[in-house]
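Undergrad: Have a look at the structure that comes next, please.
Read-outs: derived from the displayed coordinates by stated rules, not from any lab. Small disclaimer: the values here were computed from a predicted structure and weren't measured. Cβ atoms come from the backbone with ideal geometry, glycine included; neighbour counts cover every protein chain shown.
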């Protein structure tokens, strides 16, 4: 009997995945091609389709089937057993939220987003404050529905990084804050600073675009099973194993923003193109956690795309894209420019050395809000003080301060820490990669990425959700997650770059 | 009570429309941007979402609600009553097909399409014949499920052109066949023939594209509520009143194919952008029939876009798009070239004088197949003989003969006649438009289309499904549908063009 039940389960999961894919396509189109007047209708379509997929997944019928199969889990193959236990995990989590709460939350999300856009335009946090207070209230109720040990923030973290806790993050973040602040101080007062004068030019948009396509192809991104388009905020999405799409943005004033955007999203996309064929339209063909997902994008963007060997390979081609603009620019100059460290106000523009400090600040504010130690009204003051303490910069207004990120308006608290975790996972994996592939850097220097991609496919991508993030990082590196590899990576790279 | 029931009905209809919109977006993306390897996954997504919308619409719950409201139809406002009666019409039709049949039909559609592509590639009708025989059998069963009077083909026609019958079409088509064949004979043997030598050039693709955008904007197409993309076969689709999209194709060898494609689809799109705001996500905000839909595209493409006043306005701009290529070309030369009459093998490339003859041939074959007088095996012979009789051309192979159209592989018999009906509706409406807007042609000659669009919005577009096609054409022109206006239009236009 369990044979046919498993088949039925896979069919139902396939249909649920189909609806989720339609939701993803509606989102993709909204960001990329949708005409402006279509926004309200698109909102209704997204709400309807999301509700349908939620209803399909949490229905008593689906739950009963899942329970039946789960009762016989010992008789299943390891892959089927994993499929069942992971699906049951999601089912238990999703059914903890009453449908009325799901609706209320979705409604407040739309409203909070609308108000946040308005408040940011006016650069006035006070306009957003009541809406944010409501959202925090909803998030605390959400945490109660999910249940938690220790901090209620743990229940929210679980959504993005399963098994991660406030307690664990506090230890890691304290170390990062101390070491990275110290490193940044040494860098900003260093005598050697990069020459950026040649970057102040106009950069042909088509040449930038073509260069991103070339690099993506070299990385191993399959354009027959994906595509790149333009959007205001770069992102990666998929509708199928064979339809993984990315976006980037192109600015005439920025020589590297389209490229680093493409490499970053390309890293995400290679992960999603690397799931197993047999996991298509099913639970296991998905990312383990946002932290692991982010490790893939950050490894490609920063450790590869901002490395000297990478630019030794590409500087010639880069020069040819802009005839007459870069005649005397060397790989070393590009390498120095693309790794410039400068404390600044905006997270998404931050360099590798300061980035985590932006995250730590947000983590501290979020936990304060969810645990009840911080009132929403106090956010601007706390934000600005921490920016001064951690980064030494003065915040001029709310728009470039506490209103800069979209996440809170979406009710996504617990999300930010995964960016930093991505940096740490990437660095820890990368130490292992350098051990496993001694010729890695000479391969990169000759534009050969298949060694690296093969390693990632074998050790990370193909597993999908077969291991949790802590299991995977231990399996791959023999150790639990640690901040040391990332700190060592920064110390080595930037000591040399800035002659510290 | 009926107040709240009507509200509930509208909400449910809105959700069903949302799912149908997602299906339309999945189709649009498939034709326009989807990477090739994504095709099988997209097929599954389309099947799942289509089944969900069918299930929502035919559910006992929805049927019960509809019945409740329908029982109180006399107490409803005229618009609500129309909404209910039209929805009930669709419900009764859609529930006549057992779900098992719907599945079987969908499965055979995919298979028949696959086999047709193969057969056309090999130019061998015999490969397609068994699949087509199965499809015809399914279509006859479909007609039985729907029920019909007279010919079973009437049940199929009903899907595309409600109320139209084989008997009515036979009368109209006999007249068209006789008159159009005679006209074509006079044209091909006329002394005056258009000078096409200047058309044999290469045409910059971006210049063509930009010209289509300009003309669409002038026509009144709202780009804030729509967009144009490229696809192999031009089409129009919508996901919302404020998201009506078109596609066109651009060929370096063809000066007019992108433009006429855009104007044609633009005509369809103006219809869909002209439905009422209050009919959004509901039954009435939709086309009455394919014939009426086609009247809008053909009026803009042929009666406007292939008129001399149109080219008196645009020839200057057209010349500027292709510097040095058109210096001595006049509006009259463009007008003559774009209206060249030449009997040929391919329907989609046919001119206004021969087009209906292609349709009549298909109609005769389809009714023969569905009524049982013609065997699928005999199609090629009958096809080739009719091409000779009606158009005087010799069919060389199946690919450019009876395998050229996609429709039969989709199981869409009864669809072709709507193209010809579109021509007739358009001409009959246009006689009225010329009476109602005496300055019409001087407006067109100065690139002013708002008079025409305003008339169409008032008399056609805004009504959506409030009137049937026969009701609408009578309401607008005071007469039942007749072939005379179209035949008069052709006679006048082409007598002058060819100096007959």
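Undergrad: By counting other Cβ atoms within 10 Å of each Cβ, how are A:210, B:218 ranked from fewest to most?
TA: Going from sparsest to densest Cβ surroundings: A:210, B:218.
Undergrad: Name the nearest-to-axis residue of chain B, judged by Cβ distance to the rotation axis taking chain B onto chain A, and quote that distance in whole Å.
TA: Residue with the nearest Cβ, plus whole-Å distance, for chain B: B:22, 2.
Undergrad: Still on this structure, I have one more. Specify whether the C-alpha gyration tensor of segment A:260-386 places it in the rounded, prolate or oblate class, a ≥ b ≥ c being the square roots of the eigenvalues: rounded for a/c under 1.5, otherwise prolate if a/b is larger than b/c and oblate if not.
TA: Note, shape of segment A:260-386 comes out oblate.
Undergrad: For segment B:16-104, what log10 I(q)/I(0) values come out of the Debye formula at q = 0.20 1/Å, with one point per alpha carbon and no solvent?
TA: With no solvent term, the Cα-only Debye profile gives -0.96.
Undergrad: So if I take the alpha carbon set of segment A:387-429, get Rg, then get Rh from the Kirkwood formula, what is the Rg over Rh ratio?
TA: 1.09
Undergrad: Which FRET efficiency value, to the nearest 0.05, do you get for residue A:27 and residue A:77 by plugging their Cβ-Cβ distance into 1/(1 + (r/R0)^6) with R0 = 30 Å?
TA: According to the calculation, E is roughly 0.30.
Undergrad: Run the helix sum for the protein assembly as shown: -39,500 (n - 2.57) per DSSP H stretch of 4+ residues, divided by residue count, reported at 222 nm to the nearest 500 deg cm²/dmol.
TA: Mean residue ellipticity, 222 nm, calculated: -20500 deg cm²/dmol.
Undergrad: Let me ask something else about it. Compute the Cα gyration tensor for segment A:204-249, then decide on rounded, prolate or oblate, letting a ≥ b ≥ c be the square roots of its eigenvalues: rounded whenever a/c is under 1.5, prolate when a/b is larger than b/c in the other cases, and oblate in all that remain.
TA: Here segment A:204-249 falls in the oblate category.
Undergrad: While we're looking at this one, here's another question. List A:107, B:134, A:142 from most exposed to least, where exposure is judged by having the fewest other Cβ atoms within 10 Å.
TA: Ordered from fewest to most neighbouring Cβ atoms within 10 Å, A:107, B:134, A:142 come out as A:107, B:134, A:142.
Undergrad: Can you tell me the length gained on complete extension of the stretch residue B:410 to residue B:276, counting 0.36 nm per residue apart and subtracting the Cα distance?
TA: Result: 45.1 nm gained on full extension.
Undergrad: Starting from a label point 7 Å past Cα on the Cβ side, list the distances from residue B:499 to the same position in the other copies, nm, shortest first.
TA: Here the equivalent label points are 8.7 nm apart from this one.
Undergrad: Here's a follow-up. From zero up to wherever the largest Cα-Cα distance of chain B sits, split into 10 Å bins and tell me the percent of pairs in each.
TA: 4, 17, 28, 29, 16, 5, 1, 0
Undergrad: Starting from the Cα of residue B:141, move 7 Å in the Cα-to-Cβ direction to define the label point; list residues of segment B:387-420 whose amide nitrogen is under 15 Å from there.
TA: Under cut-off, by backbone N: B:411.
Undergrad: Can you give the direction-averaged projected area of the convex hull of the alpha-carbon atoms in segment A:111-204, in nm²?
TA: For segment A:111-204, the mean projected area of the Cα convex hull comes to 11.4 nm².
Undergrad: Moving to a separate point now. Would you calculate the convex hull of the Cα atoms in segment B:348-500 and tell me its volume per residue in Å³?
TA: 163
Undergrad: So what's the angle, to the nearest 10 degrees on a 0 to 90 scale, between helix B:2-32 and the longest Cα principal axis of chain B?
TA: 50
Undergrad: Relative to the longest principal Cα axis of chain B, at what angle does helix B:99-122 sit, 0 to 90 degrees, rounded to 10?
TA: So the inclination is approximately 20 degrees.
Undergrad: Using r as the Cβ-Cβ distance of residue A:90 and residue B:170, and R0 as 51 Å, what FRET efficiency do you calculate, to the nearest 0.05?
TA: 0.30
Undergrad: Quick one: length gained pulling residue B:328 to residue B:346 fully straight, 0.36 nm per residue minus the C-alpha distance?
TA: Full extension of this stretch gives 3.3 nm more.
Undergrad: Same structure again: What would the Debye equation give as log₁₀ I(q)/I(0) for segment B:149-203 at q = 0.14, 0.15, 0.23, 0.28 Å⁻¹, counting only Cα atoms as equal point scatterers?
TA: Calculated log10 I(q)/I(0) at the listed q: -0.64, -0.66, -0.89, -1.05.
Undergrad: So what is log10(I(q)/I(0)) for segment A:168-249 at q = 0.15 1/Å, when the Debye sum runs over its Cα atoms only?
TA: -0.87
Undergrad: How many angstrom lie between the C-alpha centres of segment A:65-82 and segment B:122-193?
TA: Here the answer is 55 Å between Cα centres.
Undergrad: Before anything else, pin down the relative contact order of chain B: Cα pairs under 8 Å, at least 6 apart, normalised by residue count, whole percent.
TA: Computed value for chain B: 20 percent relative contact order.
Undergrad: Now for a different question. Mind listing the label-point distances from residue B:479 to the same position on all other copies, shortest first, one decimal in nm, points 7 Å along Cα→Cβ?
TA: Residue B:479 label point versus its equivalents elsewhere: 9.0 nm.
Undergrad: Here's another thing I want to ask about it. Considering all alpha-carbon pairs of segment A:282-337, what whole percent are spaced by more than 15 angstrom?
TA: I get 59 percent for the Cα pairs in segment A:282-337 exceeding 15 Å.
Undergrad: With a ≥ b ≥ c the root eigenvalues of the C-alpha gyration tensor of the protein assembly as shown, is it rounded (a/c under 1.5), prolate (a/b larger than b/c) or oblate?
TA: In terms of gyration-tensor shape, prolate.
Undergrad: Okay, next question. Once you have the Cα-Cα distance between residue A:207 and residue A:101, take 0.36 nm times their residue separation minus that, and quote the gain in nm to one decimal.
TA: Residue separation times 0.36 nm, minus the Cα-Cα distance, leaves 33.3 nm.
Undergrad: Right, another one. Could you state the angle between the C-alpha long axis of helix A:379-391 and the longest principal axis of the C-alpha atoms of chain A, as a value from 0 to 90 degrees rounded to the nearest 10?
TA: The angle comes out near 40 degrees.
Undergrad: If the viscosity is 0.890 mPa s and the temperature 25 °C, what Stokes-Einstein diffusion coefficient in µm²/s follows for segment B:26-157 when Rh is the Kirkwood radius over Cα pairs?
TA: Taking Rh from Cα pairs, D becomes 138 µm²/s.
Undergrad: Further, regarding this structure: Put a label point 7 Å from Cα along the Cβ direction on residue B:98, then list its distances to the equivalent points in the other copies in nm, shortest first.
TA: Going from nearest to farthest copy, the values are 4.3 nm.
Undergrad: For segment B:1-40, build the convex hull from the C-alpha positions and give me its volume per residue in Å³.
TA: It comes to 51 Å³ per residue, whole-number rounded.
Undergrad: If you build the Cα gyration tensor of segment B:102-160 and take the root of 5 times each eigenvalue, what three semi-axes come out, in whole angstrom, biggest first?
TA: Equivalent-ellipsoid dimensions as semi-axes: 25, 12, 9 Å.
Undergrad: Antiparallel versus total DSSP beta bridges in the protein assembly as shown: what percent is that, nearest 5?
TA: 55
Undergrad: What is the distance, in nm, between label points placed 7 Å from the Cα along the Cα-to-Cβ direction at residue B:480 and at residue A:496?
TA: It works out to 8.9 nm between the two label points.
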